[in-house]
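Below is one structure, written out as structure tokens, with a few remarks after it.
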């Protein structure tokens, strides 16, 4: 198994949604957990919503799988 997660779900963007990358390549901007599942399916990775939320192959940055809003603005 690799040292780093295969999939990264990046922090929420200002306009909402989270960029998803596989091996460093962007595969889309997910607006919710089902979007992540679909993007991964298209990339040849089969996960269901429960697996996506807990898999060690997926790194959730800037909040877990239940957080989809934009990051709070800092003064």
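Failed condition for residue 66, given (1) in a loop (DSSP other than H, G, I, E, B); (2) surrounded by 14 or more Cβ atoms within 10 Å (Cβ to Cβ), with all others met?
(2)
Restricting to the stretch 5-33, what's the tally of residues that are without any contact (Cβ under 8 Å) to a residue 24 or more places away in the chain and more than 14 Å from residue 64 (Cα to Cα)?
Number of matching residues: 9.
Out of the strands (runs of 3 or more DSSP E) lying entirely within the stretch 1-40, which hold 3 or more residues that are surrounded by 17 or more Cβ atoms within 10 Å (Cβ to Cβ) and in contact with a helix residue (DSSP H, G or I) (Cβ under 6 Å, 6 or more places away or on another chain)? Break it down stepwise before answering.
Values: elements: 7-12, 18-22, 25-30.
Answer list for the stretch 1-40: 25-30.
Each value in this text was obtained by applying a stated rule to the coordinates, not by laboratory testing. Quantities reported herein were computed from a predicted structural model and do not represent experimental measurements. No Cβ is skipped: glycine too gets one built from the backbone with ideal geometry, and neighbour counts run over all protein chains shown.
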